[in-house]
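Read the structure below first, then the notes.
The numbers here are math on the coordinates, done by the rules we state, and not lab data. Quick caveat, the model's predicted, so the values are computed rather than measured.
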Amino acid sequence: MKRLFIVYNPNSSKYCHVKTEILDCPENFKGFILGKYAIKKTSFNKNVADFSKFLADGDLVLSAGGDATAAIAANAIIESKKDATLAVLPYGNFNDLARTLNTFKLKDIFSKTATTKKLHPLSVYVDGKFWRYATCYTTIGMTAEAVELFDDENVRKQLQKGHKSSWRSYIHLMVWYFKNRHKKQFIPDFKLNGKPQHKKTSDYAAVNGYSMCRVMKGGRDYLEPKTFRSMTDRLTNFPRLFVLMVKSILYRTPGKDTVGDILEFDNLATVEIQAEGEYEIFENIKKIEIKKGDACLKVIQN
């Protein structure tokens, strides 16, 4: 009998819905040996390492949470080197991976129209050391630092109100933006693939999935083994941010197709990186590299 692991975060803003709609309904998983993994209040890497130990060939992993929960599940599967498959249900603020895979309900995962695809994630390296895999996107700079907002206890409590609260997320982000956009240089002076960037460049983004932050359109790069789209911009300038958002919502996130990007800082730098809602601050670093390697992830897409 096939094993199915449900991965969830008991501390997330939507956990009450995960509990009543998924965890308390074992009858929806008849025919499976059911297992559960609750994300712990430790580090991203510790959760990845702990969960990967449970996995075996043939397992189905169901991420019932936001993009951060899905990122832990995805990284664990790849790190385990087991022939396991990832399915995703959206119980987060933006749910970009679920939107990419078009799986919003259990019936989408188990329907006759669902297929198994190979997703090729981004690989992020800091000073030559692997950091993590990103299924949909990774950002560096101001947009990465803004993610810290969702760790605030008051913000999390407000996001728990209602099943669909993405609009509250955007309001909190907009307030944070106008308070913080001129407080610092978010990315120290750097070169992108050997080309010096404007000194006021605040953000770098690599987009791999169908969407970023729910409303910004991506593409089907997640199915490509080598290429993805990336961009840099001065988003502390509100008109530039406005133009970017309009283009991203109506058409597609601006940028160029690339087979890999290298950000090299003029001096040792302190930089924040985030991938799908999970962030980390790095100090005294010289180089960040984003590319696609040999890793791929089996996913259920509807």
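For this structure, a couple of remarks:
- Per residue convex hull volume, Cα atoms of segment 1-110, in Å³: 90 Å³
- Contour excess over end-to-end distance, with Cα ends at residue 115 and residue 267 and 0.36 nm allotted per residue: 50.0 nm
- Candidates 217, 30, 226, ranked by Gaussian network fluctuation over the chain, Cα under 10 Å, top entry: 30
- The stretch between residue 183 and residue 286 holds 34.8 nm of extra length on full extension. This uses 0.36 nm per residue minus the Cα-Cα distance.
- Counting 0.36 nm for each residue step from residue 130 to residue 36 and taking away their Cα separation leaves a gain of 31.1 nm.
- Set 53/286; 19/107; 81/247; 179/199; 40/183 screened for pairs whose C-alpha atoms are more than 29 Å apart: 53/286; 81/247; 40/183
- For the chain, the longest principal axis of the C-alpha atoms and the axis of helix 166-180 are separated by about 20°.
- For the chain, taking Cα atoms only, Rg and Dmax work out to 18.8, 58 Å respectively.
- Anchor residue 256: aspartates and glutamates whose Cα lies under 18 Å away (excluding residues fewer than 8 positions away in-chain): 203, 221, 224, 233, 289
- The chain: calculated mean residue ellipticity at 222 nm from DSSP helix runs of at least 4, using -39500 (n - 2.57): -7000 deg cm²/dmol
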